[in-house]
Structures are given as structure tokens and as C-alpha cells.
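Notes follow once the structure below has been shown.
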Amino acid sequence: MMAVRKDEDGARRPLHGLERDAPATFVADRWRDREEFKGRVKEWARKLEVDAHSIYIRPMRRKWASCSTGGTLSFNDELLGMPKELGDYVIVHELLHFSVPNHGKLWKSLMRAHLGEYEKAEQRLRVGG
């Protein structure tokens with residue numbers, strides 16, 4: 001059975017990208033707190049089969065997130081005030097770097113497989129959410 005949603009006009013449309021692949025708690029509003037954000041990181045880590053040892057949310061001047069080979073993930077605290085869709089983009093972006101260290105064709109293919117048209121979220125982050 002295909003996942004669908006009802007549009008404002010009542011039409012049923014298939015779900016794509018973020019709507020389809022995100023963990024079940026996906027909603028398009030803001031994060032309640034740090035724990036909710038960390039919970040989402042853990043959900044995506046399970047889905048992507050990544051062992052994230054430590055998750056930090058802290059001020060970062062130039063990046064939205066970073067990861068280390070030791071399994072540490074750090075996220076910019078400004079993400080907490082942004083739509084969850086953008087947080088999902090940053091989370092998946094970083095988690096995929098545990099298996100693909102660059103932004104080459106494989107990484108882009110995996111991003112598209114999990115988030116659909118991820119470039120829209122990427123562009124929104126470039127202009128500040």
C-alpha cells in the first residue's frame with residue numbers, strides 16, 4: 001500500500017522524500033527542545049544503521065553540524081529554532097558521512113534516497129532557514 005496524504009483541496013497525493021522516509025514522528029513544526037532533537041538523531045541513526053556515540057548541541061559559528069570518526073556528532077544550536085524538515089536534512093547529511101566521507105555521487109544518491117529533493121532544504125539553510 002502506498003503512503004498518501006490529503007491536500008487542502010481534498011485530493012489524495014503520494015508521499016515523497018522527507019514525508020515518506022522520515023521516522024514516524026515527522027511533523028513540519030519546530031523542535032520543542034534539545035531532547036526532542038537528540039531523539040530524532042537517534043531515530044535516524046537507527047534507520048541508517050549508524051552508531052552515534054555522542055550527540056552535542058552547541059553554538060557553532062560557521063557550520064550547521066560536524067561529525068568525527070569516533071562517532072561524535074555536534075549540531076548547531078540554531079537548528080532548534082528551525083523547521084524540523086531542515087533538522088532532518090542536517091541530521092541525515094552528517095550521519096551519511098559515517099559511511100561516505102565526501103559529497104560525491106554515492107552520498108548524493110543516498111541523500112536523495114532518504115530525503116527526496118534534499119536540495120530544497122540545502123538551499124533554505126544557505127539563506128538561514
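The values are calculated or read from the model by the stated rules, or taken from the named source; none is laboratory data. Just so it is clear, the model here is predicted, and its values are computed rather than measured. Positions of Cβ are generated from backbone atoms using ideal geometry, with glycine treated the same way; all protein chains shown enter the neighbour counts.
Cβ-Cβ below 7 Å, separation at least six or inter-chain, first residue in segment 96-122 and in contact (Cβ under 8 Å) with a residue 12 or more places away in the chain, second of a type in the set (V, I, T): which pairs?
F98/V50; L110/V100; M111/V92; H114/V92; L115/V92
Looking only at segment 82-117, how many residues end up being crowded, with 16+ Cβ neighbours inside 10 Å and either part of a helix (DSSP H, G or I) or on the phi > 0 side of the Ramachandran plot (or both)?
Residues of segment 82-117 crowded, with 16+ Cβ neighbours inside 10 Å: 82-98, 107, 110-111, 114-116.
When the remaining residues are screened for being either part of a helix (DSSP H, G or I) or on the phi > 0 side of the Ramachandran plot (or both), the result is 84-96, 107, 110-111, 114-116.
So the count comes out to 19.
Across segment 43-60, what is the total count of residues that are in contact with a strand residue (DSSP E or B) (Cβ under 9 Å, 6 or more places away or on another chain) and more than 17 Å from Y89 (Cβ to Cβ)?
Within segment 43-60, residues that are in contact with a strand residue (DSSP E or B) (Cβ under 9 Å, 6 or more places away or on another chain) and more than 17 Å from Y89 (Cβ to Cβ) number 5.
Does K120 fit the bill of being part of a helix (DSSP H, G or I) and either of a type in the set (V, I, T) or at pLDDT 95 or above (or both)? Break it down into steps so the answer makes sense when it comes.
On the way: part of a helix (DSSP H, G or I): yes; either of a type in the set (V, I, T) or at pLDDT 95 or above (or both): no.
Answer is no for this residue.
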